[in-house]
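Each remark here refers to the structure printed beneath this line.
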């Protein structure tokens, strides 16, 4: 699956979960802003810097969506594979952090 297709599939999945994905330019804000999830007037929104590479946008969306329980949602196998890989990557990072904290 091409990155553009993957990104669009992840956006569609976010919409199914009630998350509005919005791409905005952060260049002229005058403050340091990062892409991420927020709540605006009770609506969950994922705001993504439109100047990020497609790879970064996929990474942002996949990282967010991998935290959700998606067992009851149909997801294209290629997309589910990406989400599973992100979940495993996050789990490994947490385990490494836990091990570091135990040593301290």
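Read-outs: derived from the displayed coordinates by stated rules, not from any lab. Because the structure is predicted, anything quoted here is derived from the model rather than measured. So basically every Cβ, Gly included, is an ideal-geometry build from the backbone, and we count neighbours across all protein chains shown.
Counted residue by residue at 0.36 nm each, then reduced by the alpha carbon distance between them, the extension gain from residue 89 to residue 15 reaches 24.3 nm. When both bridge partners sit in the chain, DSSP labels roughly 50% of those beta bridges antiparallel. Across the chain, the relative contact order, built from alpha-carbon pairs under 8 Å that are at least six residues apart, equals 26 percent.
Rg of the Cα atoms in the chain, relative to 2.2 N^0.38 Å, amounts to 1.19. Between residue 3 and residue 45, the distance separating the two model label sites (each 7 Å from Cα on the Cα→Cβ line) works out to 2.6 nm.
Helices in the chain, meaning DSSP H runs of at least 4 residues, each add -39500 (n - 2.57). Divided by all residues, the mean residue ellipticity at 222 nm is -17000 deg cm²/dmol.
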